[in-house]
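Novice: Below is one structure. I have some questions about it.
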Amino acid sequence: MPTEAEILNALFAAASGLSDKPRWERFLELLGAGTHAGTVTLQLQQQGRPTQDWHWIKADGPPPLRIEDWQRMRSHRVYSQDDLAGLASISSPLRAIKYPFGSSKNDSALLTLQRQGADFRAIDGVHLSSLVPYLPPALDTWEALNNERLRTQLSQNVMRDIGAGWVLFSSHGVLIDMDSELRTPLEQIGGIRFAQDGRPSFRDEATAQALRQALSNAQRPPAPSLTAGGWSPPSAVPRPTPVPLRLSNTPLMEMIITEEDDFHSTPHLIGRVRYARTATDLPLLHVARHFRLSPSEARLACLLCDGHTLAEAAGQLGWTIETTRSTSKQLFARLEVRGQSGVIRLMQSGALWLSSSQHPNAGGTTR
């Protein structure tokens, strides 16, 4: 039988594991073993609606029970099936306790134990009550970490949509960490691939030399520990002016490498990467809907945005030059721009690229 310390350790491991369902199931399993329950359920209700439902069921345990009317339950009180309206007819014994958590008064958690056969012992209710000081702060920690994860994912999605990312290097140019969304573009466009030990390999020697030079240029020279005016800390040495590292011309990809003191306990080099996404790779239906264009106008807009001339666009689309000129005039009028430069400026500076991956490519690309 698990000890109280083991149950609490499992609880805090689950709280620090974000949405890791197995960790929550492990906590519920230990709690079930300690109370001889066959089914243990932890449900969260936030802003008046259910948001999470974790449960553990023993081989012969009853199915999880949903208590729909838990708003009328008082917090920190252990309830049995005889104490809850509508549950008196439940054949399997039940114990439930409600915990408030979070910053909103409407956020609460419901922990439910069920078993087959004999009713729960008095000590089992004590086990539930003993969790009162620990479960709310554990859930607060889980919620804070989960929200931080969601914010990080949102930032990564936005960076991916606009063609940006980051790489963290050691002072010797070995990969420490990187934006997961950047790995494929960095390999396919920039020609840089990282082995499991973090060592980079390159498409050509010119790129290898350029990256090594950029890493060297980004590092500040060591400051003398003692100068005529007294001790000089390393931060007093001016930072080198970062120089863009060109990794690809078509499509354009550049990296800016700077040394950061406060990112880790020791200075590390951060490479900020920007690469050009092509409009012709966007879902055609997304472009058409964004600017309220016809499919033909959207195809032409994407090609013009990518820098093709009218003659080149006509060749790509299989149109005559007259048809292309006529469609371009309709496009310029629809977008309220003057010429191709206006199309490029409007499409590149707006929100067209954001969350584009969520739009189905129902109409195909311009290719």
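The values are calculated or read from the model by the stated rules, or taken from the named source; none is laboratory data. Remember, predicted model here, so these are calculated numbers, not experimental data. Note: ideal-geometry Cβ built from the backbone for every residue, glycine included; neighbour counts use all protein chains shown. Quick note on the areas: whole protein, heavy atoms, side chains included, nothing else; ligands and nucleic acids left out. Shrake-Rupley method; radii C 1.70, N 1.55, O 1.52, S 1.80 Å.
Novice: Starting from residues that are free of Cβ contacts under 8 Å to residues at least 60 places away in the same chain and assigned to a strand (DSSP E or B), keep the ones in the range 40-50 and report whichever is surrounded by the fewest Cβ atoms within 10 Å (Cβ to Cβ).
Specialist: Filtering the range 40-50 for residues that are free of Cβ contacts under 8 Å to residues at least 60 places away in the same chain and assigned to a strand (DSSP E or B), the one surrounded by the fewest Cβ atoms within 10 Å (Cβ to Cβ) comes out as R49.
Novice: Just to be sure, is A311 of a type in the set (A, V, I, L, M) and either in contact with a Leu (Cβ under 8 Å, 6 or more places away or on another chain) or farther than 18 Å from S341 by Cα (or both)?
Specialist: no
Novice: Follow-up. Please enumerate the residues belonging to the range 244-256 that are surrounded by 13 or more Cβ atoms within 10 Å (Cβ to Cβ) and either part of a loop (DSSP other than H, G, I, E, B) or at pLDDT below 90 (or both).
Specialist: If the condition is that a residue be surrounded by 13 or more Cβ atoms within 10 Å (Cβ to Cβ) and either part of a loop (DSSP other than H, G, I, E, B) or at pLDDT below 90 (or both), then P251, L252 are the ones that fit.
Rundown of residues vs (1) modelled with pLDDT of 90 or more; (2) closer than 17 Å to M253 by Cα; (3) of a type in the set (A, V, I, L, M), yes/no style:
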residue	(1), (2), (3)
G173	no, no, no
M178	yes, yes, yes
G190	yes, yes, no
Q196	yes, no, no
R199	yes, no, no
F202	yes, yes, no
A206	yes, yes, yes
L211	yes, yes, yes
S225	no, no, no
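Novice: Say whether the condition of being loosely packed, with under 14 Cβ neighbours inside 10 Å, assigned to a loop (DSSP other than H, G, I, E, B) and not polar (S, T, N, Q) is met by at least one residue in the range 273-283.
Specialist: no
Novice: Further question on the same structure: Residues that are outside any loop (DSSP other than H, G, I, E, B) and without any contact (Cβ under 8 Å) to a residue 40 or more places away in the chain: does the range 60-69 have at least one?
Specialist: Within the range 60-69 (the criterion being outside any loop (DSSP other than H, G, I, E, B) and without any contact (Cβ under 8 Å) to a residue 40 or more places away in the chain), the answer is no, since none of the residues qualifies.
Novice: Something else: Evaluate the following for D177: is it open to solvent by 50 Å² or more (accessible area, probe 1.4 Å), under 27 Å from G34 (Cβ atoms) and under 25 Å from the mean Cα position of the chain (by Cα)?
Specialist: no
Novice: Filtering the range 87-138 down to residues that are part of a loop (DSSP other than H, G, I, E, B) and charged (D, E, K, R), which residue is least open to solvent (accessible area, probe 1.4 Å)?
Specialist: Restricting to residues being part of a loop (DSSP other than H, G, I, E, B) and charged (D, E, K, R), the top hit is D107.
Novice: Shifting gears a bit: Just to verify a result, which residue in the range 6-39, among those that are over 26 Å from E148 (Cα atoms) and open to solvent by 60 Å² or more (accessible area, probe 1.4 Å), is modelled with the lowest pLDDT?
Specialist: H36
Novice: Shifting gears a bit: For the range 150-166, check the following and say yes or no: at least one residue is assigned to a loop (DSSP other than H, G, I, E, B) and either open to solvent by less than 50 Å² (accessible area, probe 1.4 Å) or within 30 Å of I90 (Cβ to Cβ) (or both).
Specialist: yes
Novice: I would also like to ask the following. Out of T324, T278, which single residue is among the polar types (S, T, N, Q), within 30 Å of T207 (Cα to Cα) and in contact (Cβ under 8 Å) with a residue 24 or more places away in the chain?
Specialist: T278
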